[in-house]
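Just so it is clear, none of the values below were taken in a lab; they were calculated from the coordinates. As the structure is a computational prediction, the values presented were derived from the model and not from experiment. Reconstructed Cβ throughout: ideal geometry from the backbone, glycine too, with neighbour counts over all protein chains shown.
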Amino acid sequence: MKKGILIMFVAAGLVSCGASTNPQLKAKIGGIFSQSSSSKNYGTSRRFVSPMRYAVGQYVVHGVTEDDGTRSISKTAVVGRDGSAYVLEFSNLTESKESVSQLCIDGLDKAARSGNTDDIDIRWIKVKGEDGKVQKLEGPMIYMMRAMYKNTLRSVNVKVGTYTNGGVVRVPAGIFGGTNVVNAEVVVLGSTYRSKAWYHSSVPINGMVKSVTDDNEQTMELLDFGTRGAAAQIQ
């Protein structure tokens, strides 16, 4: 397994901690989970070693369930191009808050081939505040933030060295056969997280269908995905 792989649920879990529950957001999360049930069968396609090439319109929506029943939603979408750079939008919905940000990223195609996030350069960052206003950071303003956001980008820079048949995996987005199952480990803020994740070549951006921590405290499942039609929340 190469360097580029990282566990997406870590970031989602860190976002969801330490704030009071908003009943409206909790109900919204429940609605997204309940609407995502699908019996569509994607069968066995080519063996997954890395995701399909990035393209504008792609998106993935994952739901995270913690062992205490707390749930959250994360969506990653390719919403534009700026020359050789892609514009990726990351949105997170927890029981306490919603957040949206965009990153204009150069070198994603190269990083996908190498599995190395050092090949990635962030041109600018846009962040949507709770008041709806959008702040754009670029040039020297994002220098100190590059390292933090590069950790986020590891979740979309997935490259797996070997194929291990993970069999059929059923998640709300559908039924996926011939998945590639991978054991992964990452250290975040001094803590080590280990998980088992399943990938399928039909899924864009990161290919992830499901991920479960070794201690079973968090499960991430694919709720929805597509190769076209992603709409940006930040203009």
(request) Note down the nm distance, to one decimal, between modelled labels 7 Å out along Cα→Cβ at SER38 and at ASP214. (result) 3.3 nm
(message) I want to check the label-to-label distance for GLN135 and LYS110. Put each point 7 Å from Cα in the C-beta direction and report it in nm to one decimal.
(response) 3.0 nm
(request) Please list, in chain and number order, the residues 5+ apart from TRP124 or on another chain whose amide H is under 5 Å from its amide H, with Hs placed from the backbone. (result) CYS104
(request) Please turn the phi angles of region 64-71 into ³J(HN,Hα) values with the Karplus equation 6.51 cos²θ - 1.76 cosθ + 1.60 (θ = phi - 60°), one per residue in order, whole Hz, x for glycine and proline. (result) 10, 10, 8, 5, 8, x, 5, 10
(request) Just order 125-136, 81-92 by mean Cβ neighbour count inside 10 Å, highest at the front, would you? (result) 81-92, 125-136
(message) Around ILE234, under 10 Å between beta carbons, what's the net of Lys plus Arg minus Asp minus Glu among the other residues?
(response) +2
(request) Take the alpha carbon gyration tensor of region 37-101, find the square roots of its eigenvalues, order them as a ≥ b ≥ c, and report rounded if a/c is under 1.5; if not, report prolate when a/b exceeds b/c, else oblate. (result) oblate
